[in-house]
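Input: a single structure, listed below in structure tokens.
The values are calculated or read from the model by the stated rules, or taken from the named source; none is laboratory data. Remember, it's a predicted structure, so these values are computed and weren't measured experimentally. When we count neighbours, we look across all protein chains shown, and the Cβ atoms used for this are built from the backbone with ideal geometry, even at glycine.
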Amino acid sequence: MKTEIIPVGTEILLGNIVDTDSAFLASQLSMLGIDLHFISTVGDNEDRLVDTLRRAWDRADMIIVTGGLGPTGDDITREAIARLLGEEMLVDQELWQELQRLLNRYPGTIPQSNIRQATVIPSAEVVPNRMGTAPGWWIEKDGHIIIALPGPPDEMKLMWQEGILPRLAAKVDGTIILSRAIKTFRLAEARVEELVASLSSLSNPTLATYINPDGVHLRITAKARTEEEARAMISTSEEQIRRVLSDHIWGVDDDTLGSVIGRLMKSKALTLATMESGPEGHLCSTLADNLADLTHFKGGLLACDSEAKAVCGVDATIMEEYGDDSPEVAKGMAHVARKHFRAEVGLGVACNMDCNTNSGDVFTCFSNGRCVRGFSHVLRGDKARMKRRAVFAALFDLRRALLEEVLCT
């Protein structure tokens, strides 16, 4: 079954929002063994959307359209599909009554434009939307399937899981595709590819590398008749990769640095507190957003200049002697964070970044009151990239210190 995804929205073409819907759907299709051949983004223009749908109709068995199902004039997905199929749109009175019951929960009169969300064509089956007002469509006609889903990711994912996935699963021939991501750090992509060259040449399972802000990831993809067979193929490849890359691997699949750190802190019964300057709060946010259990993360301090650092408790004479951001200041920040939050481990991160040259340095330090460990790294890129890299450097250093148990003594 050849598939094409068509995300609809001028805001995607302008870069105002990121098309996460297509990434989610692509991963879902692969698990079903359905081949995705194209992703064709189109703006809020009905003629262009109809042209895109016609091209997809000629080269794909299934078309999945996301977005353009709202009540306003620029929501043109329903009209475009109707034109493609040569069918007339009619108001489904039962659906319109249901929408009115939903909209009556909100203050004010119901805009008449919402009636557009109750229009259907004869070949369309309505897919309920439990999270919003935009119903989806399921269409089967002339050997093709067209699926229309709302654009908001939370609505789209719920509709997919409840209304679309079970129907597609019943149609596929039983072949499934599974994948697993192996996440590495502090190795260049070319070096990773060189080390796993013998595996990269295989046709099934396949192996691909790609760069992320948190390192080089390797994706193993296996195609098989059963899930058990696919998982066995992936497991064999993963064992070979781990033998080659060993200590450079820090996580798999949905692991984040924050979640990995959280598990390590929990396993060692340690609590953590942070103080940062250069990352400007990104370190604390990254930890808080990615920890399933915040019990082991006490909190963080943000101090952007020497006066703020001194108010928090960093010795002013250290900054006068070594500068606002230095290994010595990072050490002082680690001590302050640990004492302020009464944590077992304090992490201090100080950066000096030159946005004119797109370069800088990050200094990280860990302290448990008895043992102090510091690291330094060179940064490259614009300010946003350097802040991200500073955070990843600090978390990789923390992971290393926890694994070596230097903070447990």
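Tabulated data for the structure shown
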quantity	calculated
Subset of segment 243-265 [farther than 30 Å from CYS304 by Cα, in a helix (DSSP H, G or I) and in contact (Cβ under 8 Å) with a residue 12 or more places away in the chain]	VAL244, LEU245, HIS248
Boolean, CYS355 is out of contact with any Asp or Glu (no Cβ under 6 Å at 6 or more places or on another chain), at pLDDT below 85 and in the same structural domain as VAL336 (by TED's automatic domain parsing)	yes
Members of segment 18-33 found to be surrounded by 15 or more Cβ atoms within 10 Å (Cβ to Cβ) and either charged (D, E, K, R) or assigned to a loop (DSSP other than H, G, I, E, B) (or both), listed by number	ASP19, ASP21, LEU32, GLY33
From the options THR357, THR295, THR364, THR317, residue that is surrounded by fewer than 19 Cβ atoms within 10 Å (Cβ to Cβ) and either in contact (Cβ under 8 Å) with a residue 24 or more places away in the chain or touching a strand residue (DSSP E or B) at 6+ places or on another chain (Cβ under 8 Å) (or both)	THR295
Filter pass, ALA56 being over 30 Å from the mean Cα position of the chain (by Cα) and buried (at least 17 other Cβ atoms within 10 Å of the Cβ)	no
Enumeration of residues in segment 266-285 that are more than 24 Å from PRO327 (Cα to Cα) and touching a residue at least 60 places away in the same chain (Cβ under 8 Å)	LYS268
Residues of segment 105-136 classified as modelled with pLDDT of 85 or more, more than 30 Å from the chain's Cα centre (by Cα) and loosely packed, with under 14 Cβ neighbours inside 10 Å, total	2
From LEU178, LEU168, LEU149, LEU158, residue being crowded, with 16+ Cβ neighbours inside 10 Å and within 21 Å of ASP255 (Cβ to Cβ)	LEU178
Close pairs (6 angstrom Cβ cut-off, 6 or more residues apart or separate chains): touching a residue at least 60 places away in the same chain (Cβ under 8 Å) and within 18 Å of CYS355 (Cβ to Cβ) in segment 382-397, hydroxyl-bearing (Ser, Thr, Tyr) and in a helix (DSSP H, G or I) anywhere	VAL391/THR286
Cβ pairs under 6 Å, 6+ apart, first in segment 94-122 and closer than 30 Å to LYS141 by Cα and of a type in the set (Asp, Glu), second at pLDDT 75 or above and part of a loop (DSSP other than H, G, I, E, B)	none
Options LEU84, LEU69, LEU99; residue that is crowded, with 18+ Cβ neighbours inside 10 Å, at pLDDT below 90, in the same structural domain as TRP160 (by TED's automatic domain parsing) and more than 27 Å from LEU178 (Cβ to Cβ)	LEU99
